[in-house]
Amino acid sequence: MIEARLGDSIGALPADQWDALAAGNPFVSHAFLSAMEDSGSVGPGTGWSPAPITIVDAEQRLIAALPAYLKSHSQGEYVFDHAWADAWHRAGGSYYPKLQIAAPFTPATGPRLLLADPLLAAPLLRAAEQLCESNGLSSAHATFIAPDQVPLFEQAGWLLRSDLQFHWLNRGYASFDEFLAALSSRKRKDLRKERAAAQSGVEIRTLTGTEIRDEHWDAFWHFYQDTGARKWGQPYLTRAAFSLLGERMGDRIVLILAYAEGQPVAGALNFIGPDALYGRYWGASIEKPFLHFELCYYQAIDLAIALGLPRVEAGAQGGHKLARGYEPVETWSAHWITHPGFREAVSDFLVRERAGTAADRNYLESRTPFRKTIL
């Protein structure tokens, strides 16, 4: 007999047991998710209500979990379902609340099924479905699923959706120059010029762990607010979130700051995972050509090479990353729709959308800056 339980806080669950299931991914770690709760970035008034679904063994230890939230809107997800919500409302239904299985505000791939045994995937997903059915929820959505978990959702009958991101892939480069050598001559020159222009007149400092102090978070918070206000209206994370992240997982954070005349003028925040460097937030108080590319993309490549990490995930969207050596990579989400008729309509849409995504990827792969091999 297996019993799934619904909670109201990930922070209230045992950190060691949760992290034993999280596979080292920083964004489903207990430290990250509890910091989101304790800082007020999720919870009352945010539209993100923690609703973790867990399974325990006979000794009451966690053996499976979903990092799940009841959502009253579709902000902060980066997989857009606004058209679905509009269609369901026009049909007379209520799309919200819905169940979101995700790392809040984080378009980075990772495990969404936290499992001690893959056989627990089916009962865990069935528990999510039953939660929707029993409480009148329109749907459940798992976003930015680690590729090796996609088949588990497909086997459970969830609808798959694909999209594209741009990731830098480390093909065993020993240095940035070795990476540049793989590019065409013109692109190689372009990137060198961009780096030189970006670094001119500024000092770039890389901070991690206890090196990151409140004064650095204060500066970065200013940058983050400015970028958030211009991109999505208001920032998702509170100021307290950054201090809590620094306290709880500082050794997995790299903050890159640019200084001019002794004052911080721009910054980029990265998280270190077991097999990737994740670029998350960026902002600046000055306009300087190519500084964004330097802090977010080129410094990340330097860091990934130094750490021996196989890839850099630089966040959602951004076709400009392609010219800087970041390649198109398919990302996946999975969706369970409660109403059979609505589920069929969404399924038909996704078949057509996946064909378009595949065509886009084929085109973008032909436009990468790497030297072309002549057969």
Checklist entry - Pairs, please: C-beta under 6 Å, at least 6 apart or cross-chain, first residue in contact (Cβ under 8 Å) with a residue 24 or more places away in the chain and in the stretch 88-116, second acidic (Asp, Glu)? => result 108/313
Item to check | Scan of the stretch 91-116 for residues that are assigned to a loop (DSSP other than H, G, I, E, B) and within 20 Å of the chain's Cα centre (by Cα), ordered by number | outcome: 102, 103, 104, 105, 106, 107, 108, 109, 111, 112, 113
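Let's see how each residue does on (1) surrounded by 15 or more Cβ atoms within 10 Å (Cβ to Cβ); (2) under 24 Å from residue 122 (Cβ atoms):
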| site | (1), (2) |
| --- | --- |
| 13 | yes, yes |
| 23 | yes, yes |
| 38 | yes, no |
| 48 | yes, no |
| 58 | no, yes |
Checklist outcome for this item: For residue 258, the lone unmet condition from (1) open to solvent by 10 Å² or more (accessible area, probe 1.4 Å); (2) in contact with a helix residue (DSSP H, G or I) (Cβ under 7 Å, 6 or more places away or on another chain) is (1)
Checklist entry - Any idea how many residues of the stretch 259-312 are more than 23 Å from residue 177 (Cβ to Cβ) and not aliphatic (A, V, I, L, M)? => result 18
Item to check | Lone qualifier among 154, 215 - being closer than 30 Å to residue 351 by Cα and either outside any strand (DSSP E or B) or not hydrophobic (A, V, I, L, M, F, W, C) (or both) | outcome: 154
Checklist outcome for this item: Among 18, 88, the single one that is part of a helix (DSSP H, G or I) and under 19 Å from residue 334 (Cα atoms) is 88
Item to check | Matching residues, the stretch 32-46, being in a helix (DSSP H, G or I) and among the polar types (S, T, N, Q) | outcome: 34
Item to check | Of residues in the stretch 323-340 being assigned to a helix (DSSP H, G or I) and either in contact with a helix residue (DSSP H, G or I) (Cβ under 6 Å, 6 or more places away or on another chain) or open to solvent by 40 Å² or more (accessible area, probe 1.4 Å) (or both), the one farthest from residue 290 (Cα to Cα) | outcome: 340
Next on the checklist: Going residue by residue through the stretch 248-265, is there one that turns out to be over 18 Å from residue 213 (Cβ atoms), acidic (Asp, Glu) and within 15 Å of the chain's Cα centre (by Cα)?
Outcome noted: no
Checklist entry - Among the candidates 75, 60, which residue alone is under 26 Å from residue 279 (Cβ atoms) and polar (S, T, N, Q)? => result 75
Next on the checklist: I need a count of the residues in the stretch 293-307 that are out of contact with any Phe, Trp or Tyr (no Cβ under 6 Å at 6 or more places or on another chain) and buried (at least 21 other Cβ atoms within 10 Å of the Cβ).
Outcome noted: 7
Next on the checklist: Suppose we filter the stretch 268-292 for residues that are surrounded by 19 or more Cβ atoms within 10 Å (Cβ to Cβ), touching an Asp or Glu at 6+ places or on another chain (Cβ under 8 Å) and within 26 Å of residue 234 (Cβ to Cβ); how many remain?
Outcome noted: 4
Checklist entry - Out of all the residues in the stretch 47-62, which are part of a loop (DSSP other than H, G, I, E, B) and among the small types (Gly, Ala, Ser)? => result 47, 51, 58
Next on the checklist: What are the pairs with Cβ atoms under 6 angstrom where one residue, in the stretch 7-23, is in contact (Cβ under 8 Å) with a residue 12 or more places away in the chain and the other, located anywhere, is assigned to a loop (DSSP other than H, G, I, E, B) and open to solvent by 30 Å² or more (accessible area, probe 1.4 Å)? Sequence gap at least six, or different chains.
Outcome noted: 17/61
Next on the checklist: For the structure I just gave you, tell me whether residue 192 is within 19 Å of residue 300 (Cα to Cα), open to solvent by 70 Å² or more (accessible area, probe 1.4 Å) and either in contact with a Gly (Cβ under 7 Å, 6 or more places away or on another chain) or not in a helix (DSSP H, G or I) (or both).
Outcome noted: no
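The values are calculated or read from the model by the stated rules, or taken from the named source; none is laboratory data. Given the structure is predicted, the values throughout are model-derived calculations rather than measurements. Don't worry about glycine lacking a Cβ; one is built from the backbone with ideal geometry, like all the others, and counts go over all protein chains shown. The area values use the complete protein model at the heavy-atom level, side chains included, leaving out ligands, DNA and RNA. Shrake-Rupley method; radii C 1.70, N 1.55, O 1.52, S 1.80 Å.
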